[in-house]
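The values are calculated or read from the model by the stated rules, or taken from the named source; none is laboratory data. Being a predicted model, the structure only gives us computed values, none of them experimental. In this analysis, Cβ positions are derived from the backbone assuming ideal geometry, glycine residues included, and neighbour counts consider all displayed protein chains.
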Amino acid sequence: MKFGTRILAQADRLASFSEDEGRLTRTYLTPRHREAGEQIAVWMREAGMEAGFDALGNVVGRYAGDRPDAPAVATGSHMDTVVDAGRYDGIFGILTAIACVRDLHARGRRLPFAFEVVAFCDEEGVRFGVTLIGSRALAGRFEPSMLEARDRDGVTLRDALIAFGGDPDVIPSLQRKGLAAFVESHIEQGPVLLDEGLPVGVVTSIAGAGRARARVTGMAGHAGTVPMPGRRDALTAASEMALAVESLCGSRPQELVGTVGKFAVAGGGAVNVIPGSVEFTVDLRSGEDTVRRRAMADLESHLHEIARRRGVTLAWEPFFEMKAMPCDAGLQSALASSIAAHGVKVRHLPSGAGHDAMELAHIAPMAMLFVRCGAGGISHNPLETMTAEDAEIATSVLLHFLENFRP
Ligand code: GLV
Ligand code: MN
Ligand code: MN
């Protein structure tokens, strides 16, 4: 096998750079981020690229084109992970591209464009609660206020970046101009390709997302003495609100998904205290921005109703919005031709997950190649899996695309 076995072995190696014992967690601007990035840069150089960290902690590799003034085409995905992650989310899109360059270089083949592979520093947003940091910077959409975001120890992104060796003042210059295309490969993170027996597919569009933080404030009190009627329990109120998110989206499963991913009693709670304050997050997604926005507004007023009825207050703070992003039609058909050239049925499918490609779509025609995800399509979970055979086909498809693409 030309690519697949090596890619899976490299993914195993990267999974060893984890800040948690016994599980994979790698967040932005940590020593493990540096080690993983350095390893990726070594592989990029071995493959024939110039490579190194940029001022924000992305690793950028460049394989020069067949002439100095050739335009650039970029690919890549993220090297950070969620907490207790699988090992292919993000990483596969970096490794498959390095494998393509390695093959081109071994054959002495240059392309009519410079090919850039980016290992984005933070797509998941685990540490600072700010997502798509690396790709936003390349798209020229990094907002200076993001530098003031704090991790749970109170460290600002700005201070962590400086300690990492990055430079906040250089971020505006990371904006890319004149990219001819951005094409990201990624595991599907769902069951569609698996259920249909297909190794790869072409993404049609990436769902949009809206996120909000909620703080429910009730009245803390003694668990043994406060009578049940009249309690203003923030936890039971917040629980009803979380169920409201589920029932709103569950009643429209074709259009909406919604998740309460964080949910905590302030201070951690105590066994003998009625919870006085609870915080939770809401993540709503849809392929249709108008559907998602209306649902978010309906949800907010419904949660306020619950708060009134239960005698608690609700502070609602939307903190993130990403519009749905269609993939470029021309690039989709180029990827489809490369899939068909491998004798594989062409399946188009939308992406429910967010990706760095959404940001790059603001500055370049964008497309995505999905690869089958095993174990029922599970992701954001250590059970996430893919096969060497699928990594092989996906890499060969990407290589075919690159060798036939004319900017
Ligand atoms: C990224 O994985 C996201 O879709 O939240
Ligand atoms: Mn992810
Ligand atoms: Mn991802």
query: Could we say that GLY330 is within 30 Å of TYR88 (Cβ to Cβ), more than 16 Å from ligand 2 (Cβ to nearest atom) and assigned by TED's automatic domain parsing to the domain that holds SER145 here?
result: yes
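Can you tell me which of ASP122, ASP89, ASP80, ASP66 is more than 16 Å from ligand 1 (Cβ to nearest atom) and either at pLDDT below 95 or at negative phi (or both)?
On the way: ASP122 fails: more than 16 Å from ligand 1 (Cβ to nearest atom); ASP89 fails: more than 16 Å from ligand 1 (Cβ to nearest atom); ASP80 fails: more than 16 Å from ligand 1 (Cβ to nearest atom).
Result: ASP66 is the single residue among ASP122, ASP89, ASP80, ASP66 that is more than 16 Å from ligand 1 (Cβ to nearest atom) and either at pLDDT below 95 or at negative phi (or both).
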Residue match in the range 191-201 (condition: surrounded by fewer than 16 Cβ atoms within 10 Å (Cβ to Cβ) and either in a strand (DSSP E or B) or basic (Lys, Arg) (or both)): no
task: Have a look at LEU132, LEU179, LEU157 and point out the one that is away from ligand 2 (no atom under 16 Å from the Cβ), within 17 Å of ARG26 (Cα to Cα), in contact (Cβ under 8 Å) with a residue 24 or more places away in the chain and of a type in the set (A, V, I, L, M).
output: LEU157
- prompt: Taking the range 159-201 as the region of interest, how many residues are within 16 Å of ligand 3 (Cβ to nearest atom), of a type in the set (A, V, I, L, M, F, W, C) and closer than 23 Å to GLU38 by Cβ?
  reply: 0
statement: Inside the range 39-74, the number of residues satisfying the requirement of being of a type outside the set (Val, Ile, Thr) and either in a helix (DSSP H, G or I) or not assigned by TED's automatic domain parsing to the domain that holds THR25 (or both) is 7
statement: All-but-one check, ARG127 against (1) basic (Lys, Arg); (2) farther than 20 Å from PHE401 by Cβ; (3) surrounded by fewer than 19 Cβ atoms within 10 Å (Cβ to Cβ), failing number (3)
- line: Within the range 75-124, the residues that are aromatic (Phe, Trp, Tyr), within 14 Å of ligand 3 (Cβ to nearest atom) and either more than 15 Å from GLN39 (Cα to Cα) or assigned to a loop (DSSP other than H, G, I, E, B) (or both) are TYR88
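Hey, does the range 254-265 have a residue that's hydroxyl-bearing (Ser, Thr, Tyr), within 16 Å of ligand 1 (Cβ to nearest atom), assigned to a strand (DSSP E or B) and touching a Gly at 6+ places or on another chain (Cβ under 9 Å)?
Looking only at the range 254-265, we keep the residues that are hydroxyl-bearing (Ser, Thr, Tyr), and these are 259.
Filter again for within 16 Å of ligand 1 (Cβ to nearest atom), leaving 259.
So of that shortlist, the ones also assigned to a strand (DSSP E or B) come out as 259.
This time we only want the ones that are touching a Gly at 6+ places or on another chain (Cβ under 9 Å), so: none.
The answer is no, given that none of the residues of the range 254-265 is hydroxyl-bearing (Ser, Thr, Tyr), within 16 Å of ligand 1 (Cβ to nearest atom), assigned to a strand (DSSP E or B) and touching a Gly at 6+ places or on another chain (Cβ under 9 Å).
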task: Considering only the range 346-405, state which residues are of a type in the set (S, T, N, Q) and either closer than 26 Å to PHE320 by Cβ or surrounded by fewer than 21 Cβ atoms within 10 Å (Cβ to Cβ) (or both).
output: SER351, SER379, ASN381, THR385, THR387, ASN404
task: Quick one: in the range 347-372, of everything that is in a loop (DSSP other than H, G, I, E, B) and under 24 Å from THR385 (Cβ atoms), which residue is farthest from ligand 2 (Cβ to nearest atom)?
output: ARG347
- request: Scan the range 148-169 and give yes if some residue there is surrounded by 18 or more Cβ atoms within 10 Å (Cβ to Cβ) and in a strand (DSSP E or B), otherwise no.
  value: no
